[in-house]
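Worksheet for the structure shown next.
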Amino acid sequence: MQSKNTRTGATRFPPSVLALLLAAAGGAVALYGVALMSDDAGWMNLLNGSLPALLGGTCLWAGYRLVRKQPAAVWAPLPWFLATWAAYYGFGALANIYATPETIAHMAAFYPVDNRSLLRTNLLNVVGLVTVLLGAALVSRLRFDFAQPMTGSPGHDPWRVAVLFLVIGVPIKYLLELPYVLGLVDFVLPGSIQYLGTFSGLAILPLTVAAAEGRRGARTLLWTLVASEMLAGFVMLAKLHIITTVLLVFLGQYAVRPDLKRLVVTGILVGVGYVAVLSPFVDFARTILGRASAQDLAEVSAVAGSYGTEGRETLADVLPGVQGWWSRLAYSNAQAFAMDQYDQGKPGWTFGMAVYVLVPRFLYDDKPIMTPGREFNYLVQGTDTSSTAPGFFVGEAYWNGGWPLVILTGLFVGGLFAVLGRISARAVRSGRWLYVPLVFMTIYLGLRPDDWFVPLYLGGVMQVVLVVILLNLTLSALVLRRGKRPSDGRQNPRHMAAGVPAADAQR
């Protein structure tokens, strides 16, 4: 007999937590609305300087309570979305109030905001939060069980899955993607091929499980792979690649032994490391090299050596007094521009690109760029030398269709979170490691609400779903477990991943 949590994927909000979060967000919507109608500058400034922090703290508490009550929720987007919302639209939104004057001026150079504009973006962010929560809550109540066949199956051998991922990903990552990103080749690498290169990093998760099960050579291969991925990230000066590698390491450990406190502490340390070390180092390296990536390890080593003696001074000279780490968390200026554009009768076009999602570029040369960050930056500043996005998928939705599209988009994303969260949690629980690309995409969606909607939430999801279906149709038989499962007196990692004892998982 399945427990309620098992049937729903163990990712449904505890009612009291959801009620408090919705009450706090709903109260913020009401207060923002009253302040906008009153047009009182002091009232607006008070709300802009307090409500984002209060809501951000509430989101962090709600995400923590969700995972503490239901450890399998780590494999769903909602806890990650709540943490990211707190970082970007809670703490980040305070930069225009509390950051240094130089930081505020630096952000205003992109697009200026006043108290009213800032309040409107804060209202937009809270409406996005509410609609996502409502969409997830509504869909989570549906009794869809198309993932049910996963339960009771023998599952996949994590070692075989890891080897399969490495066979697919390593040649593409190191022979095609890395030379392409470093500008060492003159061909254009299709995005679908680049995606397959991510399989080398995704192998970290099943490889960690295989090592925990005592597979000979798995641990050595695991740390060799982690070192290789980290080095590739530093050569590419790709902060996201480095953070993703670290995240996959700790997700693998969580799959073996769920430990929420360790996950939280790790998250805090990663955040501090990103702000204090990684982001300044990458900025310094790009400034010194004059390009977006290095070309070999020697360049990275040389930059690292000089960073220790002159790195912070160089960055301080480039942007004196600017808190770059805080300005990167603040999207209010980009959101304000997107909202103003729509209100002035100049709506965006990016949602219309959904018709091209399933069209391969090699079949249609004129397919538009699906991440038009340079075009958006040109609209704001008249230059396309850098790439910028509206900062939140509901900000992009407002730019394309105003408040009605904001509400529909938030409800859609919330529903998508519920569906993918249930599949992801069940896949990990049942040891279906061929689903790792979908499991990671599910988490990634929660971490990247600031990305473009169509290529990530539509195209990205469909691409991963198709790849996982293809893998299961063609290669599932090759990676199924055979014989007895490993037993060393510890709990089976497959059941530990669900955050429940093996006996409970088998009821």
### Task
Obtain the nm distance between the two label points defined at SER301 and LEU142 by a simple spin-label model: each point lies 7 Å from its Cα along the Cα-to-C-beta direction.
5.5
### Message
Taking 0.36 nm per residue of sequence separation and subtracting the Cα-Cα distance, how much length would be gained by fully extending the chain between ALA109 and ALA19, in nm to one decimal?
### Response
28.4 nm
### Summary
Among the DSSP H helices of the chain, those whose Cα atoms extend at least 24 Å along the helix axis and whose mean Kyte-Doolittle hydropathy is 0.5 or higher are 15-38, 51-69, 115-140, 218-236, 239-256, 393-429, 461-479
### Task
Write out the chymotrypsin sites (Phe, Trp or Tyr not before Pro) in the range 398-477 meeting two conditions: DSSP loop, and at most 13 other Cβ atoms within 10 Å of their Cβ.
none
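Using a 1.4 angstrom probe on heavy atoms only, work out the carbon and sulfur share of the accessible area of the chain in %.
64
Applying 1/(1 + (r/R0)^6) with R0 = 35 Å to the Cβ-Cβ distance of LYS261 and ASN45, what FRET efficiency is obtained, to the nearest 0.05?
That pair, LYS261 with ASN45, gives E of 0.40.
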## Note on the structure
Heads up, the range 58-106 by the C-alpha gyration tensor (a ≥ b ≥ c square roots of eigenvalues; a/c under 1.5 rounded, else a/b over b/c prolate, else oblate) looks prolate
### Query
Could you give the accessible area per residue of the chain, probe 1.4 Å, as a whole number in Å²?
43
### Summary
Residue span GLU102 to ARG374: 0.36 nm per residue of separation minus Cα-Cα distance leaves a gain in nm of 95.4 nm
## Note on the structure
Per the rule of 0.36 nm per residue minus the C-alpha distance, extending VAL275 to LEU54 adds in nm 77.4 nm
### Query
Which loop trypsin sites (Lys or Arg not before Pro) in the range 156-256, with loop taken from DSSP, have no more than 13 other Cβ atoms within 10 angstrom of their Cβ?
ARG216
### Query
What number, rounded to the nearest 500 deg cm²/dmol, is the helix-based mean residue ellipticity at 222 nm of the chain, given -39500 (n - 2.57) per DSSP H run of at least four residues and division by all its residues?
-20500 deg cm²/dmol
### Query
How high is the FRET efficiency from ASP186 to ARG482, r the C-beta distance, R0 41 Å, rounded to 0.05?
0.35
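The values are calculated or read from the model by the stated rules, or taken from the named source; none is laboratory data. Given the structure is predicted, the values throughout are model-derived calculations rather than measurements. Reconstructed Cβ throughout: ideal geometry from the backbone, glycine too, with neighbour counts over all protein chains shown. Accessible surface is based on the protein model in full, side chains and every heavy atom, while ligands, DNA and RNA are left aside. Shrake-Rupley method; radii C 1.70, N 1.55, O 1.52, S 1.80 Å.
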